[in-house]
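Laboratory data are not the source of any read-out in this text; all were calculated from the coordinates shown. It should be emphasised that the depicted structure is a prediction, and the values quoted were computed from it without experimental measurement. Positions of Cβ are backbone-derived with ideal geometry, glycine not excepted, and every protein chain shown enters the neighbour counts.
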């Protein structure tokens, strides 16, 4: 660990307020270690939580899809904690074991073809290079 | 370019057979540059296409979701060709501009929190560390 | 472990000479595990240590800044050992806890905007594309 | 390009307000392409700008140091646009050519030793594994 | 773990058939954990094994060289399991300790010069930019 | 470009001496752009060239194998210049087109299975976890 994990009594008032909102938003008393480490910097804690809440909250994409996208990024970055926590979150939001295994196949295939494209230095087709009409 | 892009008349019979299946499966005459570069190795071409067809074809995940997962991996790897081609594919399969922009926000947020977790060396919570009952 | 960690009595004479210089340069008897693993290849050990000593030693940048740059690279690569050892080195050179937490925020923000730029395939502005007059 | 670059007359009122703040904060009329691409999603534009402004603004670290950290992350991610734009920003904030070249050496050395550590699977020394007393 | 490791009695008939082929091809009863995790998805298990068998089997490159390439990719991705398993495989196929240490030096040097090239945004020489005559 | 490419008449005496050694070692008058960019920092130029010469020169691995390892790292890092220059170097040292295509397949497969292993968070087998007797 680079920093200790703050328990509830160790939180500053600003960090405590963020934890209260995490608990209210997620409807659970459980606050995972990521937030307990980040709580050493209450300003970063608040900014990060507000951004996560906004991005992962209501929008045009299904929350299950958002969790799968998070996993895809986390696997490609090799972030073990992120994979573990977002796989748990995905399951909690209803992603099935069959969906998880298919997700993993898509991530694997994308990483393979990404490296083939890169190795071959494939030039972008004209059909793909323009931005669409807005 | 590391290798030239093979035009249809330059294809070996084995590569030509794969191109025929790409065209039949995708219901279009257009074959993009990736396959034209990979066609220098017909065995790799056939294996890769069969795998892509299987992974990206029918399954438990929506084809639109699979394209978004592909984009998430490609962005995290920094593969420009892959982003361009799969963004085009996503649009063709019905992903809207609003969905694309939300996808990009989720990818950005995941990359930020991945690096925060990594920098802080956060230990995995007990609640996340066990595999589920199979 | 891929190789064992060599204790002092197991060192070859060439490796021993490098360890002596590490101890003299750092003014401490402690030699961390990285060098004990690399000591299996005394030529690589010597070349790596000479390069690290030159790059991390006196120059135009503050040693504290160099440690923070090291951490930024290590986080982005996801190298846990590197983060742990260079965070310790940064603290030893006087980087404060507040500086470390701000460093982590900058690293997180850079990783987020890097992926947004990559996802959007933003073309480089003319103002940024030329090399300065030398 | 994945999306077009919005010119000033094409901006929505919400995006326009963010551009006004970028111009006021940076004391220049120039708004670079990243923001013109992100402007397709005014909510993401506003959130990202507010975060960048907070993280890169006043704090305990020198603005020049923050730009160098940004470059270190961008190089490790291979983001060409990010390297070009933040190298320009670093120069504008007073980073000298000698500092830039030394920065590049530190980044290179960190990437080399990161991969040596990873290849050797070096276990973390006891001295580095504990969080400091808070 | 994201999923449990399946023991032999827990395998589905389709997964069992793949395990039989792994054992026959490798001439050992030992099946490592990667396949025991992937066995939760017998279709992915079969496709991945068939691809690995084809790519890592007979061809124009020496099997020892293929293992070293695998290690180079795994180190650059930071995949600890992959480094451990392919270092074991390399040793089994006759890669010596001296070759492993030289491999690690080449990987380290490549990662360093890669980042120097990227940081300096070096344009590709005309001599390197064209594909060879096929 | 972040810096200009120095032509021969623009070189400092220290950089000129390194260029002389590059030409003598490689037995060609051609010096590629990487060294012309790095020449802005003669100390880094000399250190990098000496290291590259040592690592890529005589040793226990075939020079062709070393070039392939370089390519594997460069593809995984997505460094276009590095792929282009080392593919050219590999061809010059006798790597055939068939070997290059097989190399690319191995790189692709390694990237795929790396991400599968990472996604599944596979624990290292006991058989792989110990360092060999030295």
At q = 0.09, 0.11, 0.13 Å⁻¹, what log₁₀ I(q)/I(0) does a Debye calculation on the Cα points of chain B give, no solvent, two decimals?
-0.40, -0.57, -0.74
For the Cα atoms of chain D, what angle does the longest principal axis make with the long axis of helix D:42-56, in degrees from 0 to 90, nearest 10?
50 degrees
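FRET efficiency for residue C:24 and residue B:62, Cβ-Cβ distance as r, R0 = 60 Å, nearest 0.05?
Numbers: r = 63 Å, r/R0 = 1.05.
Once the sixth-power term is evaluated, E becomes 0.45.
Once you compute Rg and the Kirkwood Rh from C-alpha atoms, what is the Rg to Rh ratio for segment B:1-65? Please list the in-between numbers first.
Numbers: Rg = 12.5 Å, Rh = 12.5 Å.
We get a ratio of 1.00 for segment B:1-65.
Taking neighbour counts of Cβ atoms within 10 Å as a proxy for exposure, in what order, fewest first, do C:21, E:125 appear? Mind dumping the intermediate values first?
Numbers: C:21 13, E:125 18.
With the fewest neighbours first, C:21, E:125 line up as C:21, E:125.
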Cα centroid of segment F:1-53 to Cα centroid of segment B:20-98, whole Å
42 Å
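Could you list B:16, C:36, E:58 so that the one with the fewest beta carbons within 10 Å of its beta carbon is first and the one with the most is last? Write down the numbers at each step before the final one.
Values: B:16 15, C:36 23, E:58 7.
In order of increasing Cβ crowding within 10 Å: E:58, B:16, C:36.
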Give me Rg/Rg_expected for the protein assembly as shown, where Rg uses Cα atoms only and Rg_expected = 2.2 N^0.38 Å with N residues.
0.90
The percentage of Cα-Cα pairs in segment A:60-120 separated by more than 17 Å is 40 percent
Output field shielding_mean for D:23-36 (other chain Cβ, 10 Å radius) holds 2
Using helices alone, I'd like the mean residue ellipticity at 222 nm for the protein assembly as shown: each DSSP H run of four-plus residues gives -39500 (n - 2.57), total over residue count, nearest 500.
-21500 deg cm²/dmol
Segment F:39-90 - convex hull of the alpha-carbon atoms, volume per residue in Å³:
84 Å³
What FRET efficiency do you get for residue E:129 and residue E:50 if R0 is 41 Å and r is their Cβ-Cβ distance, rounded to the nearest 0.05?
0.65
On the first, second and third principal axes, largest extent first, how far apart are the outermost C-alpha atoms of segment C:92-134 in Å?
41, 33, 12
Other protein chain Cβ atoms within 10 Å, averaged over every residue that makes up D:86-93:
3
On a 0 to 90° scale, report how tilted helix C:80-92 is relative to the longest principal axis of chain C, with both axes built from alpha carbons and the result rounded to the nearest 10.
90 degrees
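Using r as the Cβ-Cβ distance of residue C:12 and residue D:96, and R0 as 51 Å, what FRET efficiency do you calculate, to the nearest 0.05?
0.75
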